[in-house]
Amino acid sequence: MTSSTRTIITTDDGSPSLFHNALGETYHSRHGAVQESMHVFIRNGMEHKLSHGLRELAVLEIGFGTGLNAALAVQHALQNGYALTFHSIEKFPLSEDEQHSFVEHTDESLRITLQMVTDASWNTTNTLSPHIHLSKI
């Protein structure tokens, strides 16, 4: 997928990211989009907090981007049985075509969750499961 501003690229771990043509920057590490999100966002963020006995997390993300962090967070909460409230703010959301193409380039093990997150409505609280809530602003 190529638009006038963003192009899907494949990072070293095989997962997709976006390259912003005008800025000359990627949305994720070229070494691995999923690998980066798992290391920074899940293991050193969410799992660190859960290791202190928390069974409920609230997250504020600045920059929804491709929805990768949100999807990994939702997937992690579902797999580990804790409550999650996830708020994300994005000034420049992807177009529907860009988002669809990004989801299609994502590994099958994450695709369903990423689709659920990206299909969620903007500017409202979406209940993705009884204990998982997502707001995209």
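The values are calculated or read from the model by the stated rules, or taken from the named source; none is laboratory data. Since we're looking at a predicted model, the values are computed, not measured. Here the Cβ positions follow ideal geometry from the backbone for every residue, glycine too, while neighbour counts run over all protein chains shown. SASA here: full protein model, heavy atoms, side chains in, ligands and nucleic acids out. Shrake-Rupley method; radii C 1.70, N 1.55, O 1.52, S 1.80 Å.
What do you reckon, is Ser29 part of a loop (DSSP other than H, G, I, E, B), open to solvent by 80 Å² or more (accessible area, probe 1.4 Å) and of a type outside the set (Val, Ile, Thr)?
Working: part of a loop (DSSP other than H, G, I, E, B): yes; open to solvent by 80 Å² or more (accessible area, probe 1.4 Å): no; of a type outside the set (Val, Ile, Thr): yes.
No; evaluated as a whole, the condition is false for this residue.
Consider the stretch 42-79. How many of its residues are under 22 Å from Ile137 (Cα atoms), out of contact with any His (no Cβ under 9 Å at 6 or more places or on another chain) and of a type in the set (Gly, Ala, Ser)?
Counting residues in the stretch 42-79 that are under 22 Å from Ile137 (Cα atoms), out of contact with any His (no Cβ under 9 Å at 6 or more places or on another chain) and of a type in the set (Gly, Ala, Ser) gives 6.
Among the residues of the stretch 101-137, count how many are out of contact with any strand residue (DSSP E or B) (no Cβ under 7 Å at 6 or more places or on another chain) and among the basic types (Lys, Arg).
1
Residue by residue through the stretch 97-113, note down the ones that are in contact with a helix residue (DSSP H, G or I) (Cβ under 9 Å, 6 or more places away or on another chain) and either among the acidic types (Asp, Glu) or under 21 Å from Ala58 (Cβ atoms) (or both).
Selection gives Glu104, Asp107, Thr113.
Give the residue that is surrounded by the most Cβ atoms within 10 Å (Cβ to Cβ), with candidates limited to residues of the stretch 8-26 that are part of a loop (DSSP other than H, G, I, E, B) and without any contact (Cβ under 8 Å) to a residue 12 or more places away in the chain.
Our first condition is that a residue be part of a loop (DSSP other than H, G, I, E, B); within the stretch 8-26, this holds for 11-15, 21-24.
Next, from what is left, pick out any that are without any contact (Cβ under 8 Å) to a residue 12 or more places away in the chain: 23-24.
Numbers: Leu23: 9, Gly24: 7.
By that ranking, first place goes to Leu23.
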